[in-house]
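Written below as structure tokens is the structure these notes are about.
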Amino acid sequence: MTFIIIIVIVFVIALLYFIHHDKLVFINQKIFTIEEKLKSTLIKRKEILKDAEKEIKELVKTDKEVFSNLQEIDSKKLNMFELDKKLMVYKKEFSLVTDKYDVLKTNEEFQKLSFAISETSDKLETYRKYYNKYAEEYNKVIKSFPIIITTIFTGRKQKEFFDI
């Protein structure tokens with residue numbers, strides 16, 4: 001009788017593990033996909049800001065650096081959270097500069113760049129929400145029994161969240 005109870009308990013634990021493991025694999029795939037979209041959109045935003053800086057210098061007729069240290073940002077060395085925060089600061093600076101100079105508001109090329117920045121903002125907002133949703137699910141699953149046992153041995157870490 002004891003043997004049967006042990007077999008049933010082991011079977012239930014194994015069943016729970018496989019159910020949670022499948023869910024973990026699914027969530028990991030979702031997170032990987034959204035991370036790739038986030039990274040590519042952040043890199044696109046960085047390139048648009050570089051182009052905007054050139055356009056601003058030309059239209060405002062200045063040699064001053066518009067976005068301090070933008071050229072020095074190496075997106076390969078920063079994780080996507082750090083890159084997002086830095087580019088958010090530059091996007092705010094972009095808005096301030098746009099408001100400051102009327103010549104920028106009337107220039108067609110600059111308006112295209114402004115639209116492209118807005119487009120990346122919309123995409124990034126959606127991607128951040130989507131990422132946070134799956135990061136929260138991931139964090140719950142790795143804390144659930146029996147996955148937590150393998151989490152300890154495999155060294156899985158909780159996922160960070162984007163500030164929204």
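Conditions tested, residue by residue: (1) among the hydroxyl-bearing types (Ser, Thr, Tyr); (2) modelled with pLDDT of 95 or more.
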{"site": "10", "(1), (2)": "no, no"}
{"site": "17", "(1), (2)": "yes, no"}
{"site": "23", "(1), (2)": "no, no"}
{"site": "26", "(1), (2)": "no, no"}
{"site": "33", "(1), (2)": "yes, yes"}
{"site": "41", "(1), (2)": "yes, yes"}
Is one or more of the residues making up region 72-87 at pLDDT below 90, small (Gly, Ala, Ser) and in contact with a Leu (Cβ under 6 Å, 6 or more places away or on another chain)? yes
Please count how many residues of region 51-62 are free of Cβ contacts under 8 Å to residues at least 40 places away in the same chain and buried (at least 16 other Cβ atoms within 10 Å of the Cβ). 1
Which residues, counting only those in region 20-42, are buried (at least 16 other Cβ atoms within 10 Å of the Cβ) and of a type in the set (A, V, I, L, M)? 24, 27, 31, 34, 38, 42
Taking region 4-63 and keeping only residues that are of a type in the set (Lys, Arg) and farther than 30 Å from residue 97 by Cβ, one is left with 23, 30
Give me the pairs, please: first residue somewhere in region 9-20 and within 13 Å of residue 144 (Cβ to Cβ), second residue anywhere and at pLDDT 70 or above, beta-carbon distance under 6 Å, and either six or more positions apart or on two chains. 13/146; 16/146; 17/146; 20/141; 20/144; 20/147
Does any residue of region 98-107 turn out to be outside any helix (DSSP H, G or I), touching a residue at least 40 places away in the same chain (Cβ under 8 Å), of a type outside the set (D, E, K, R) and farther than 30 Å from residue 15 by Cα? yes
Subset of region 63-74 [on the phi < 0 side of the Ramachandran plot and either surrounded by fewer than 17 Cβ atoms within 10 Å (Cβ to Cβ) or among the aromatic types (Phe, Trp, Tyr) (or both)]: 63, 64, 65, 67, 68, 71, 72, 74
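Every residue in region 107-151 that is at pLDDT 90 or above and over 23 Å from the mean Cα position of the chain (by Cα), please. Before you say what the answer is, go through the steps one by one.
If we filter region 107-151 for residues that are at pLDDT 90 or above, which is where we start, we get 107-140.
Once the filter is applied, which keeps residues that are at pLDDT 90 or above and over 23 Å from the mean Cα position of the chain (by Cα), region 107-151 yields 107, 108, 109, 110, 111, 112.
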Please go through region 140-157 and give me each residue that is assigned to a helix (DSSP H, G or I) and surrounded by fewer than 17 Cβ atoms within 10 Å (Cβ to Cβ), ordered by number. 140, 143, 148, 149, 150, 152, 153, 154
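The values are calculated or read from the model by the stated rules, or taken from the named source; none is laboratory data. This one's a predicted model, so the numbers in the text were calculated from it and none came from an experiment. Neighbour counts are summed over all protein chains in view; Cβ atoms, including those assigned to glycine, are modelled from backbone coordinates with ideal geometry.
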